[in-house]
Every structure is written in structure tokens, then in C-alpha cells.
1. With every protein chain kept in the model, how would you rank 66, 128, 139 by accessible area, 1.4 Å probe, largest at the top?
2. R0 = 35 Å: FRET efficiency of residue 4 with residue 96, Cβ-based, nearest 0.05?
3. Treat each spin label as a single point 7 Å out from the Cα along the C-beta direction, and report the residue 124 to residue 20 distance in nm.
4. Provide the solvent-accessible area of residue 16, counting protein heavy atoms only and rolling a 1.4 Å probe, rounded to the nearest 10 Å².
5. Determine which residues of region 74-106 fall in the zone a paramagnetic label at residue 38 would reach in this model, i.e. backbone nitrogen under 18 Å from the point 7 Å along Cα→Cβ.
6. Could you check the simple spin-label distance between residue 89 and residue 142, using points 7 Å along Cα→Cβ, in nm with one decimal?
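The values are calculated or read from the model by the stated rules, or taken from the named source; none is laboratory data. Just so it is clear, the model here is predicted, and its values are computed rather than measured. Quick reminder, even Gly has a Cβ in these numbers, built from the backbone with ideal geometry, and neighbours come from all protein chains shown. Side chains are part of the model used for accessible areas, which takes the heavy atoms of the whole protein and leaves out ligands, DNA and RNA. Shrake-Rupley method; radii C 1.70, N 1.55, O 1.52, S 1.80 Å.
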Amino acid sequence: MQISIKQAWWVLIAVLIIAYPISAKAAEIAQQVYGAPFLPSWYGIAAFSFGGGLVASFVYIDDIDRQLKHPVLAKIVIGFLSGIALCMLLSQDAANPKPALTFWAFVASAASAPIVCGALVYLSDKGRLFGWFDIVADRLPRSRSKGGDDDNANLS
């Protein structure tokens, strides 16, 4: 695993500089007819989730990144969605989320993107899947006929 700390640090600073005014402005904007997370008050959480996904894209894990076609884009999207999902779960779909959720959006998106990408790569290996199927098929009870040799008899 290789992490580019210098690049991730500059991305983190840029995200904080951009996301904070968006978060502050979103708190002032009136609500619309949409529910969370499509309300303007959720823009700050969305910005921090995107930033966490962006920071997660700088975490290089060779086994995962060589299996994905676009690992940077995958980590950004997965990080963004997981940060939003965690904040929706914690706020219970409140129209105005608590300001502390921006931190958890960032942490959740930065931490979960490599984990989810790794899980997807692990679960998509055909050899591993067929091995699991064989194990499950061996453990399932098979129906056995009680009739004996006459079960396969020709009745015509």
C-alpha cells in the first residue's frame, strides 16, 4: 500500500478551503421541496464527502487498483456516496443536519472508499466465487428418493 501524503495533504487543505464557505452558505439558504440530501443545507456534507473521496483516491493499494479500470474515479464516487449515506443514517434524514456531521462525512468517505473497493474486488474474483458455491453446494442436503431401483424404470 502506498499513500502519497504530500498530495493528500494539499487536497485536504483545498477541500477545507472550498467546503467551509459552501457549508456556511448552505445553512442560510431556504429549504426547497426536496428531502435530504438534496436540500441546500446538505451541500456542506456533500462537499466534505466529495473531498473525502478525493483524498481516498490517493490511497494506492496495488491489488485493488490494478483490478479496477478507473480506480481514482471509483474511489471518489464510492467515497462520496458512503459519506452521504452515513450522514443520512446519523441525522435520520433531518432537513438541517448538525454541523459536526461534516467531519464524519469526510472521515467516512475517506476511510470507506478503499475498503469498499477492496471488498468489491475480493467478491468479484471468479475462482473465489466458484469455490464458495462448491462449499455451499456440498453442505446443502440433497433430496434422496426412497424407492430403490424402480425409480428409473421405464413405464411404457
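1. Details: 66 165, 128 75, 139 195 Å².
Result, largest first: 139, 66, 128.
2. Details: r = 36 Å, r/R0 = 1.03.
The value I calculate is 0.45.
3. Output for this residue pair reads 3.8 nm.
4. 80
5. So the set is 81, 84-85, 88-89, 93-97.
6. For the pair residue 89/residue 142, the computed spacing is 4.1 nm.
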